[in-house]
Every structure is written in C-alpha cells, then in structure tokens.
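Encoded as structure tokens, the structure appears first; notes follow it.
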Amino acid sequence: MGKSLTRKILEDHLVVGEYVPGKEIGIKIDQTLTQDATGTMAYLQFEAMGLKAVKTELSVSYVDHNTIQVGFENADDHKYLQTVAAKYGIIYSKAGNGICHQVHLERFGKPGKTLLGSDSHTTTGGGIGMIAIGAGGLDVAVAMGGGEFYITCPKVYKINLKGNLQPWVSAKDVVLKMLEMFSVKGNVGVIMEYAGPGVKNLTVPERATITNMGAEMGVTTSIFPSDEETKKFLKAQGRETDWVELKADDDAEYDKVVDLDLSEIVPLAAAPHSPGNIVKVSDLKDLKVDQVMLGSCTNSSYKEIATAARIMKGKTVHPDVSFGVAPGSRQVLQMATRDGYIGDLIDSGARLLEATCGFCIGNSQSPRSAGVSLRTSNRNFEGRSGTADALVYLVSPEVAAVSAITGKITDPRMLGMEYPKVEMPTKFLVDDSMFIFPKGAHEDVEIVRGPNIGAPPVNDKMPDEIKGIVGIKVGDKITTDHIMPAGARLKYRSNVPEYSKYVFEPLDKEFPKRAMDAKNKGLATVIVAGESYGQGSSREHAALCPMYLGVKAIIAKSVERIHAANLVNFGIVPLAFKNMTDYDKIEQDDEIELPELKKRLQNNQPVVLIDKAKNFKIELSYSLSQRQKDILFEGGLLPFTVKRK
Ligand code: MIC
Ligand code: SF4
C-alpha cells in the first residue's frame, strides 16, 4: 500500500515514536510563526528557557491582531516583540504588513515543510502543501528552541475533489460544504488531505481558504498537494526555487475517502452562532443586512478583493449597509491600489480598513445592537463581533459584495450579473520592506519591556490530591472566546493578572473572584463542562489565566485538541466523565475531592471524584501519554522544559 502525502511529510519529520494512528508522535518543526496577541507570552516563555537564538529554519513574529493602539498597551507589545526578534534571530513583520497567515503564504510557506504557529488558523499553510498546525504559544516557544512538537499520529481522510466550481461559487462555499458534512466536532486527531482531479481547478489562495477553516472542524490540519498551480503561485511570488512536487501515492491508504463534486456546490452561509450552522444563501433571501465585512485570514487575497471590486464597480453600497474592506496583506493592498480596485471599492461607498485581523477579532467594527452582519471571516461565535446580540453570518466574498449592494442577503446567481472572473496574477508585487530581518542573533540587543509586559506566572508542582470547589459548570461547545474574551480585552494579553479578571466574562463575571477567594483559602477550583470544551482559538490564556486563578482540573464530556494540550502545558489536568450522565449530578459550588490523583495517574487507574456536598463518588477517565503526565507532575511545560535542559 502506498502512502498519503500527510504520512510522507510526517515520516520525514518524525523524531519520537512510530507512525501508528492514535499514538503520540514527536515531529521536528521547520518553521514557526507567532502573532502579537499570542506572541508576547510565547516569547516571554522562550526567554525563560535561557537559549541564545532560535533553532528553527525560519521563525516569523507578525503584528496583526492588536493594532488599534488605544492606550499604550499594544504599542508596548509591538516594541517588545521587535526587540526580542532582533535578539533571538526572528523575522519581525511590522503592523500594517498584513495578517500572519496570508503573509506567510505569500512570502515564506514552503511545500513539504512543517509549520507550527501560535494561532489556530496556521492550518492555512496546508494550501501550499505544508503540514501546518496551530498550537499554544508555549508549544511554539519549545519548537523555536529546537524541541519536537507532539501530536496524536493522525487518521487521514481523503477528500476526493471532482469537477469545477460554478460561477459565483468559491472556495468559502467549499469549506462551508465541508463543515456541513463534517460539523464542528468529532474530528479531533484527523488530517484532511485534499486530492483528486478537482484540485487543479483551485488556486493556492483558494486552497488556503479551505485549509484555513479546517480549524473550525477541529482537525489537526488539512493539506493540498504541491502541483503546477503551487509552482505558478510560488513563481509569481518570485520563489520558484521553493517549489517541489508533492502528492500521495496512487494506491495510498486512507482512514476514510469522501467524494466532493465542486460543480454541485451552491452559495452557502454559516448562520449564527456557529461556523457549523450551514444554510443555503438562497434560503436566507430577504434578510436585511446592516453590515458587510470583507477580509480576515480566510478571504482577503488579491483575487478576492479584486472580485469584490469588480462586482462593486459603478454600483453603490446600500444606504442601510456599512461595508468594510480589510485586505489580507500589504501586498494585496498595494496591488489592488495599483490596479484601481481600491478606488472602485471606495467609489462604491466601501470603507477601507487596515490590513489586519481587526473586525474579525471584534476589536473594532462591532455591528449595531441586534444587527445582522455578513462577514467573510471564519468564526461567528456569539459576541465575538463585540456586540453581544449581533447576528453574524459567514459568507463568500461574492455573496458579501452583492449583499452590500442589495442591502439583504443575496444569492449572487439570482441577479443576472455576469461573474467577474479574475485571473491570478502571474507576478505579484514583491516588497519586503516591512519585514525586519534579523542580523544573526545579537546578545547585546536590549529587550524593551513597557509596563504592559509582565513575567509569565509559573505553576506549582502537582499536589498528591485535589481538594476544592466546582467553580463553574458550563454546557456544550464552550469556545475559548467564552473562556478568555478577545475584542476589547485583547490588549491585556501580556499581563496575566489583569487579563485573569475576565475569565468566563461572557458567562459569569463573578467567576474570577470566586476562584481567587478559593485560592486564598488554599482550595483548588475545578471546572465542569459538556462536549467540545475549548473550541476555537489556540489562545493559551484560556489555560494560563485559569491556572493563575488556581484552577487545577477540568472535568468535561470532551475537550478540543489545542485546548487540551494547552491545559497540560499549564499544569491543569483534563479529565473526562466515564459515564456522561454523571455530568448532571454535579453542580457549581459543590465541594469536591480527587483523592490520590497523582498516584492514580501514575498507575493508569481511573481518577475518583468525591462530591462531598451531594455525597456521591464517580470515576473519571483521561487520555494522557507518559510525557504529558510528567509535564503535569512538574506543574506545566515550562518548568518541565527548564528542568530537562
Ligand atoms: C482567533 O481567531 O480567535 C485568534 C485571535 O486569531 C486566535 C488566536 C488568539 O487568541 O490570539 C486563534 O485563532 O488561535
Ligand atoms: Fe486574525 Fe481572524 Fe484570522 Fe484569527 S481568524 S488570525 S483574528 S483574521
């Protein structure tokens, strides 16, 4: 039996373990990326490791999330990141240069390499044939120090693409279709490998849209082969020498094969409040729209901005709609300006926004109360837009643009307009002047730390047993946006004591106080949760801040991959109900005990929970490798790594 492309690349990078699906493996990481919101903590942790320089082939520090700069905090972070980059040999991408995933694809992504990024949408790199994975900042810091990255050896699904997209249907609709088929849960430990005759009909940025939103399915990553299209893209970026041909063997073995005919896909939308809530755009007709936002790392490439501009040319944005456009990178902005597209958009009444995450993370452009917002981004979690009761629909750039004109959500095929087919440029405008390339590692560079930069808190070693309270009981599909809100709170990312005041803010504002009171009395806090706890971002603050508040364990029906890894990295034990109905028995504020926790983990015995308040005993399970247990015993990955040195 032949090998999948995933298997070929993973085997090439295997340093610990064997390629056996379901088993833990350690892989070598060639490239890393960070963004500013997760980057400061990643580099503070890297500094704590005491190394002289990064050991990867390439590491890039992007500033793209917190660029609003209201108050000193964001700018303090930027300066810290710039000086750390210069000291340790990291490329620094200045604010204004673009969104990390779009820029990385343009300038650094290389087929066949591994990329680890402190952002869940690092998976975008799969569009260029990389194994590109999102992780917590601490895992990225360890990888920058040359340490291997651990994943569960994946199951690989082949998505066999056939046919070609119809006019007005684009890559966003493909990935929304995938979300309809696979949903946002139940895909942990899977890599989606796209193959088949339809692949050649998708350009690299289109492939990247599809791999980007694999994150919403909860897969480890997604990957496309590296073919003639990939070569064309790299050539147009002046990087033809980075190309290699990569594909699966013809007789490759897969855990599942699913056919997807591109020609059958129609314009789709993800309705509030989940990227998995898929409906046909045609079924939403006449829904009035207040806001349309084009951009984010999912749909902000040159071709997408140009397509929207061609739709808008000579038309006017509906009087009741605010239409914002955020190009994905400075390259996209420069080219769209040069080619007149930005002018066409502005003429139509669009608002030009900075080439950053901006609206997507909810730090600006919040819709009106109960407003309907159409966005080309990848997440529509409740409240993420910054307006608690806004209704956000995720759509393609084509649907976004036509709806900006009509003022209601519109299936573009109904308008009788000719589809403006934009060709991919054969030469991109390459201007790397907003990168600061390191001049080797400089020990004498002074790292600038403004008052917003705090030291990363370190956990104590794991106690033999846990005695404490259930600090909060939450339901299913709790996202990291529920645990650690972003938006206006994002600027506290480098200051854990401050940011910790907002843990679970959208669900229960009293939680931080309750947890701190318990901590001050010497009691641990335990969180009880339903299914798919920790969906969404890679933000390790969703583990780090609870750790700071004294959270020692999470007991859930299930925990998502990146979040589970982050919990272990910060010394919080992820436990699961053995019997799902036990979830119903426990309540918030119950006094509980986990006797002999350490010994039981050590001996592979089920963990026992005693609910002292209600006087019952239940068994809990866990899925932890010996390495993860050792990390937990030390109190987290940072003390574990420092000790191992
Ligand atoms: C997001 O889209 O939620 C973010 C902001 O990009 C996060 C990273 C973060 O929280 O900083 C992600 O996707 O990992
Ligand atoms: Fe930025 Fe949004 Fe992409 Fe996250 S999903 S990296 S916030 S553009």
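The values are calculated or read from the model by the stated rules, or taken from the named source; none is laboratory data. None of the values given here were measured: they were computed from a predicted structure. In this analysis, Cβ positions are derived from the backbone assuming ideal geometry, glycine residues included, and neighbour counts consider all displayed protein chains.
Key figures
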quantity	calculated
From 305, 311, residue being among the hydrophobic types (A, V, I, L, M, F, W, C), closer than 22 Å to residue 421 by Cβ, within 16 Å of ligand 2 (Cβ to nearest atom) and assigned to a helix (DSSP H, G or I)	305
Test result for residue 67, surrounded by fewer than 24 Cβ atoms within 10 Å (Cβ to Cβ) and within 14 Å of ligand 1 (Cβ to nearest atom)	yes
Residue, surrounded by the fewest Cβ atoms within 10 Å (Cβ to Cβ), within the stretch 256-290, restricted to residues that are more than 25 Å from the chain's Cα centre (by Cα) and in a loop (DSSP other than H, G, I, E, B)	286
Every residue from the stretch 484-505 that is touching a helix residue (DSSP H, G or I) at 6+ places or on another chain (Cβ under 6 Å) and in a helix (DSSP H, G or I)	489, 490, 491, 492, 496, 498, 499, 500, 501, 502
Qualifying residue in the stretch 506-519 (condition: buried (at least 20 other Cβ atoms within 10 Å of the Cβ) and part of a loop (DSSP other than H, G, I, E, B))	no
Checklist (1) touching a His at 6+ places or on another chain (Cβ under 9 Å); (2) at pLDDT 95 or above applied to residue 359, failing item	(1)
Residue in the stretch 106-131 that is nearest to the chain's Cα centre (by Cα), counting only those that are polar (S, T, N, Q), under 17 Å from residue 143 (Cα atoms) and within 16 Å of ligand 1 (Cβ to nearest atom)	120
Output for the stretch 322-352, where each listed residue is assigned to a loop (DSSP other than H, G, I, E, B) and closer than 27 Å to residue 485 by Cβ	326, 327, 328
The stretch 433-462, residues that are in a loop (DSSP other than H, G, I, E, B), under 25 Å from the mean Cα position of the chain (by Cα) and farther than 29 Å from residue 566 by Cα	434
Residues satisfying the stated conditions in the stretch 358-374, i.e. within 16 Å of ligand 1 (Cβ to nearest atom) and either in a loop (DSSP other than H, G, I, E, B) or β-branched (Val, Ile, Thr) (or both)	361, 362, 363, 364, 365, 366
Extreme residue, farthest from residue 469 (Cα to Cα), among residues of the stretch 577-593 that are of a type in the set (A, V, I, L, M, F, W, C) and either surrounded by fewer than 18 Cβ atoms within 10 Å (Cβ to Cβ) or over 33 Å from the mean Cα position of the chain (by Cα) (or both)	580
First in the stretch 354-366 and of a type in the set (Lys, Arg), second anywhere and surrounded by fewer than 24 Cβ atoms within 10 Å (Cβ to Cβ), Cβ under 9 Å, 6 or more apart	none
Positions within the stretch 65-118 being more than 25 Å from residue 326 (Cα to Cα) and hydroxyl-bearing (Ser, Thr, Tyr), in sequence order	80, 83, 88, 114
Members of the stretch 76-110 found to be within 16 Å of ligand 2 (Cβ to nearest atom), on the phi < 0 side of the Ramachandran plot and in a strand (DSSP E or B), listed by number	93
Count - residues of the stretch 21-68 that are within 12 Å of ligand 2 (Cβ to nearest atom), assigned to a loop (DSSP other than H, G, I, E, B) and not hydroxyl-bearing (Ser, Thr, Tyr)	4
The stretch 181-223: number of residues that are surrounded by fewer than 23 Cβ atoms within 10 Å (Cβ to Cβ), of a type in the set (Ser, Thr, Tyr) and under 19 Å from the mean Cα position of the chain (by Cα)	1
Residues of the stretch 375-406 that turn out to be of a type in the set (A, V, I, L, M), assigned to a helix (DSSP H, G or I), more than 16 Å from ligand 2 (Cβ to nearest atom) and out of contact with any Lys or Arg (no Cβ under 7 Å at 6 or more places or on another chain), as a count	4
Positions within the stretch 265-297 being within 20 Å of residue 312 (Cα to Cα) and of a type in the set (Ser, Thr, Tyr), in sequence order	296
Any chance residue 355 is assigned to a loop (DSSP other than H, G, I, E, B) and within 16 Å of ligand 2 (Cβ to nearest atom)	yes
Yes/no for residue 455 being of a type in the set (Gly, Ala, Ser) and more than 16 Å from ligand 1 (Cβ to nearest atom)	yes
Criterion: on the phi < 0 side of the Ramachandran plot, surrounded by 17 or more Cβ atoms within 10 Å (Cβ to Cβ), at pLDDT 95 or above and not β-branched (Val, Ile, Thr) - qualifying residue of 486, 543	543
Test set (1) in contact (Cβ under 8 Å) with a residue 60 or more places away in the chain; (2) more than 25 Å from residue 299 (Cα to Cα); (3) buried (at least 24 other Cβ atoms within 10 Å of the Cβ); (4) of a type in the set (A, V, I, L, M, F, W, C) - residue 81 fails condition number	(1)
Leading residue by the ranking (nearest to ligand 1 (Cβ to nearest atom)) among those in the stretch 70-84 that are touching an Asp or Glu at 6+ places or on another chain (Cβ under 9 Å) and under 19 Å from residue 438 (Cα atoms)	77
Residue selected from the stretch 527-577 under the condition basic (Lys, Arg) and closer than 22 Å to residue 634 by Cα, by the criterion farthest from ligand 2 (Cβ to nearest atom)	552
Pair list, Cβ under 8 Å, 6 or more apart: the stretch 471-496 residue among the acidic types (Asp, Glu), other residue within 12 Å of ligand 1 (Cβ to nearest atom)	481/379; 481/381; 481/384; 481/536; 481/537
Given (1) within 14 Å of ligand 1 (Cβ to nearest atom); (2) among the hydrophobic types (A, V, I, L, M, F, W, C); (3) surrounded by fewer than 24 Cβ atoms within 10 Å (Cβ to Cβ), index of the condition residue 394 fails	(3)
Residue match in the stretch 619-640 (condition: among the basic types (Lys, Arg), surrounded by fewer than 19 Cβ atoms within 10 Å (Cβ to Cβ), in contact (Cβ under 8 Å) with a residue 40 or more places away in the chain and closer than 26 Å to residue 149 by Cβ)	yes
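Residues checked against (1) of a type in the set (Gly, Ala, Ser); (2) under 26 Å from residue 75 (Cβ atoms):
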residue: 114; (1), (2): no, no
residue: 119; (1), (2): no, yes
residue: 131; (1), (2): no, no
residue: 171; (1), (2): yes, no
residue: 178; (1), (2): no, no
